Amino acid sequence: MSRRSGGWPSWWLRRGFTACALLPLAGVFVAVSRARAWLWRHRWLRAWRAPVPVLVVGNVTAGGSGKTPLVACIADALRAAGWHPGIVSRGYRRRRDAADPAPVHAHSAPADVGDEPLLLRRACACPVWVGSRRAAAARGLLQAHPEVDVLLSDDGLQHFALARDLQLVVLDARGAGNAWPLPAGPLRERADRPRDATLGPPAAAGASPAPFFALRRGIGELRNLADSRRLGIAQFLAARAGRPVSAAAAIGNPAQFFDMLRQAGVPLAATLQARDHEALPAAQLRELPGDVLLTEKDALKCELGPPHLDRLWAVQLRLEVDPDFVPWLLARLQRAAWSSHDGFTSA
């Protein structure tokens with residue numbers, strides 16, 4: 001297996017031999033993607049337009065870039081401003097025989113609804129639906145919750161069947177990698193594809209279409225999986241001075257999680273990573289020394305039971321969004337006339 005950096009194959013970070021060898025396949029990917037987009041733009045395929053504004057939060061690269069925490073942040077901001085948001089998601093890697101589309105409940109199993117939708121349902125006081133076809137999930141949600149007046153799509157930037165009114169592209173520190181399309185690079189589509197705004201680390205501002213809003217990620221509270229007690233990072237470190245601490249993650253960019261912990265002063269004795277959306281291997285988790293820090297998404301799927309739970313901690317992600325972002329978003333949502341940014345039409 002190729003060495004991975006930040007959750008990506010190493011060849012996605014540079015234009016070396018492997019990336020060059022994959023360029024013919026990348027050309028096929030680009031041709032198919034552009035043909036598909038052409039069918040939507042020229043109305044050979046028809047998008048369903050919801051009776052409420054739709055905001056898509058996505059990325060132009062493969063893998064995670066922090067979309068789900070941002071969706072939760074936006075949902076909270078909209079509720080505080082008097083809106084009634086609902087969230088739709090694909091529910092990636094859930095059981096094939098699970099109901100589709102389906103509502104997500106706080107007690108739902110991750111295998112039935114997906115880990116990220118379940119995390120959103122527990123974090124946000126708003127309805128969440130999943131479906132392989134986001135338009136179907138949106139219809140189901142709106143029928144079940146007529147009070148919802150704005151829809152948020154967690155990912156789905158390339159899912160054209162659901163017409164959208166606002167499109168946000170999220171970047172992380174990896175940017176566009178080698179700036180080549182899949183599989184030679186990480187790009188799902190052009191890095192400069194149309195969007196209403198870009199959110200990412202301040203260092204990415206110069207390379208991104210305007211408007212750009214800075215997005216900083218940090219460590220919040222830690223929650224013990226055995227008894228749910230919560231500690232700040234300083235309290236946690238003071239109580240474990242001189243004892244080993246490890247970390248494990250099965251997310252799109254495990255290195256970013258580990259780096260945030262180190263920057264917060266956590267001296268990691270060992271780390272464990274797995275593919276995004278997979279459950280962390282229980283046997284390897286047990287072998288990690290000391291207390292083990294997990295992402296909240298991984299804590300949902302943790303298969304370890306007593307007596308190991310008392311040394312497992314879920315780490316809350318804290319987002320700091322440019323203070324100008326929410327006023328900008330609310331101003332856009334308050335516009336009376338809606339039109340699809342990409343020219344897609346409703347059925």
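With charges only on Cβ, +1 for K and R and -1 for D and E, what is the dipole size of the stretch 218-318 about its Cα centre, in debye, rounded to 20?
220
Under the definition of Cα pairs under 8 Å and six or more residues apart, what whole-number percent is the relative contact order of the stretch 218-318? Kindly include the intermediate steps, with their values, before the conclusion.
On the way: 179 pairs, mean separation 39.5, N = 101.
Here the relative contact order equals 39 percent.
Taking H as built 1.01 Å from N, whose amide H comes closer than 5 Å to the amide H of A269, not counting residues under 5 places away?
V245, S246
Highest first, please rank the peptides 45-56, 194-205 by the mean number of other Cβ atoms sitting within 10 Å of their residues.
For the peptides 45-56, 194-205, the packing ranking is 45-56, 194-205.
Highest mean first, what order results for 98-106, 154-162 on Cβ atoms within 10 Å?
154-162, 98-106
If neighbour count is taken as other Cβ atoms inside 10 Å, put D310, D165, D259 in order from fewest to most.
So the residues, fewest neighbours to most, are D310, D259, D165.
Before anything else, pin down the relative contact order of the chain: Cα pairs under 8 Å, at least 6 apart, normalised by residue count, whole percent.
Details: 689 pairs, mean separation 76.3, N = 347.
Over the chain, the number comes to 22 percent.
Indicate the helices, whole DSSP H runs only, in the chain that combine a mean Kyte-Doolittle hydropathy of -1.0 or more with a Cα extent along their long axis of 18 angstrom or more.
Passing helices, by number: 23-41, 67-80.
Values quoted throughout were computed directly from the atomic coordinates according to the rules given, and no laboratory measurement underlies them. Remember, predicted model here, so these are calculated numbers, not experimental data. With ideal geometry, Cβ positions are generated from the backbone for all residues, glycine too; neighbour counts draw on all protein chains shown.
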